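What follows is a set of notes on a single structure, which appears directly below.
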2 protein chains.
Amino acid sequence: MTMKAIDYSLYMVTDIASVYRRGLLASVEAAVAGGVTVVQFRTDGGSKRELYETGLALRDLLRRPGVPLIVNDHVDLALALDADGVHVGQGDLPAEVVRRLIGKEKILGLSTSNLEQVGAVDATVVDYIGIGPVFPTQSKRNAPPDIGVDGLAALAARAPVPCVGIGGITIERAAAVYAAGVTGIAVVSALSYADDAGEAARALRAAQGKAKGKA
Amino acid sequence: MTMKAIDYSLYMVTDIASVYRRGLLASVEAAVAGGVTVVQFRTDGGSKRELYETGLALRDLLRRPGVPLIVNDHVDLALALDADGVHVGQGDLPAEVVRRLIGKEKILGLSTSNLEQVGAVDATVVDYIGIGPVFPTQSKRNAPPDIGVDGLAALAARAPVPCVGIGGITIERAAAVYAAGVTGIAVVSALSYADDAGEAARALRAAQGKAKGKA
């Protein structure tokens, strides 16, 4: 468990083609300026060497604003980059094994999509969970069925650690997701494919304010 | 650099489908009884969790005979299994980064296929190199062009660390490969797809004896 206080409010996940995408760094930089609080480097493509090179650039970009960099899936890459944390899924190495590899200080996130998985989360091992997909999503292959805002609210209420809703979250839907009782929202396409990632991030943060206003 | 004396004479590489293959453990056990001296767990398929489960079984199998287990590509998996080493390619994390992650004691192997790559090997970081493909191979996707026995001999002569020839090595071709001046031979299909892996291993070791007899 990390001892740092992490702000999970607006969690940006890079798109799967990000290792090849021109302008990745510029869009992340704009998104961070717009209010993104955590960045996850996710990709399904590229050699480990390419991931490493892109990851180094991302890490350097995020050090100054102090935004945590979390690496998806690849624990070795997270260690190689000295990233702030790693995010794994149910099919990856078991969370307790990952914790042993990364040590006590780094952030460990875990994807969950049902009550059994949320119930199995060990809060002494895992720092936060992703819950989803909330809505249908094209940005992740082989995703489980979407759970909707009500399903998210039910799981978030049982989460023993901070949680972020993920999957198909757009600017329009963001306020409803925040209102479901999550710590934050994780956004892929709505930031990575935005014409102006900074503006998109500000709109998403505004949705958080709106949800809080209602609560 | 590991301080252990590793016998690279007959280096078995599991086939890419091994994580799904019934009988994997039995064939590895038979191959070890027949004279295999190192086993590399290589696979292109399966979730990290499946690799971990299969890897644990392989590790337990190899502990008793004291045969080193080397994990291909996945440094995190090698650490999770507490394997004896890891083998990476030119497109993986840089060797010096991998060495930092695995510590001083574990074995680090690197794939090479030309003079530039062999010349760039840092003997203070890398324990051994694979050189190949010697012959055309179906068991590795996107392999570089095959270098032949003469090409292997030329590279082996420049290797600053122990080297194993790899790629399309059969029982029939083994003696010629050993005679090229390598420390050992790495074999995929000729062991993994053998009807009797023990017998195949014994035949490969006999080829080593034959090559030595000639030298």
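The values are calculated or read from the model by the stated rules, or taken from the named source; none is laboratory data. Bear in mind the structure is a predicted one, so any value in this text is a computation, not a measurement. Note: ideal-geometry Cβ built from the backbone for every residue, glycine included; neighbour counts use all protein chains shown. Surface accessibility is based on the protein's heavy atoms, side chains included, excluding ligands, DNA and RNA. Shrake-Rupley method; radii C 1.70, N 1.55, O 1.52, S 1.80 Å.
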Which condition breaks for B:E50 when tested against (1) within 13 Å of chain A (Cβ to nearest Cβ); (2) at pLDDT 95 or above?
(2)
Note on region B:78-95: residues more than 9 Å from chain A (Cβ to nearest Cβ), crowded, with 23+ Cβ neighbours inside 10 Å and of a type in the set (D, E, K, R) are B:D84
Restricted to region B:180-215 and to residues being modelled with pLDDT under 95 and hydroxyl-bearing (S, T, Y), the residue most open to solvent (accessible area, probe 1.4 Å) is B:Y193
Residue match in region B:120-128 (condition: of a type in the set (S, T, N, Q), in a loop (DSSP other than H, G, I, E, B) and surrounded by fewer than 20 Cβ atoms within 10 Å (Cβ to Cβ))
yes
Do you know which of the residues in region B:96-109 that are without any contact (Cβ under 8 Å) to a residue 40 or more places away in the chain and open to solvent by 20 Å² or more (accessible area, probe 1.4 Å) is nearest to A:D76 (Cα to Cα)?
B:L101
Filter region A:22-54 down to the residues that are surrounded by fewer than 17 Cβ atoms within 10 Å (Cβ to Cβ), part of a loop (DSSP other than H, G, I, E, B) and in contact with a helix residue (DSSP H, G or I) (Cβ under 8 Å, 6 or more places away or on another chain) and list them by number.
A:G45
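Specify the residue that is farthest from the other protein chains (Cβ to nearest Cβ); the eligible residues are those in region B:96-116 that are among the basic types (K, R) and in a helix (DSSP H, G or I). Show your work before the answer.
Kept after step one, since they are among the basic types (K, R), are these residues of region B:96-116: B:99-100, B:104, B:106.
Retained after the next criterion (residues that are in a helix (DSSP H, G or I)): B:99-100.
On the way: B:R99: 11, B:R100: 8 Å.
Here the answer is B:R99.
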Give me a count of the residues in region B:131-150 that are surrounded by 14 or more Cβ atoms within 10 Å (Cβ to Cβ) and in contact (Cβ under 8 Å) with a residue 60 or more places away in the chain.
2
What number of residues within region B:56-71 are more than 12 Å from B:V38 (Cα to Cα) and within 12 Å of chain A (Cβ to nearest Cβ)?
1
If you check every pair at least six apart or on different chains, which have Cβ atoms under 9 Å apart with a residue in region A:192-215 that is in contact (Cβ under 8 Å) with a residue 24 or more places away in the chain and at negative phi first and a residue that is open to solvent by 100 Å² or more (accessible area, probe 1.4 Å) and assigned to a helix (DSSP H, G or I) second?
A:A197/A:E29; A:G198/A:E29; A:A207/A:E172
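Would you confirm whether any residue within region A:69-77 is touching a residue at least 40 places away in the same chain (Cβ under 8 Å) and either surrounded by 14 or more Cβ atoms within 10 Å (Cβ to Cβ) or not hydroxyl-bearing (S, T, Y) (or both)? Can you show your working first?
Applying the first criterion (touching a residue at least 40 places away in the same chain (Cβ under 8 Å)) to region A:69-77 yields A:72.
Narrowing further to those that are either surrounded by 14 or more Cβ atoms within 10 Å (Cβ to Cβ) or not hydroxyl-bearing (S, T, Y) (or both): A:72.
Yes, there is a match, as at least one residue in region A:69-77 is touching a residue at least 40 places away in the same chain (Cβ under 8 Å) and either surrounded by 14 or more Cβ atoms within 10 Å (Cβ to Cβ) or not hydroxyl-bearing (S, T, Y) (or both).
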Residue in region A:1-47 that is farthest from B:A95 (Cα to Cα), counting only those that are away from chain B (no Cβ under 14 Å) and among the acidic types (D, E)
A:D7
Being assigned to a loop (DSSP other than H, G, I, E, B) and among the charged types (D, E, K, R) narrows it down to one of B:D150, B:D146, so name that one.
B:D146
What's the number of the condition A:T43 fails, among (1) over 21 Å from A:Y128 (Cα atoms); (2) modelled with pLDDT under 95?
(1)
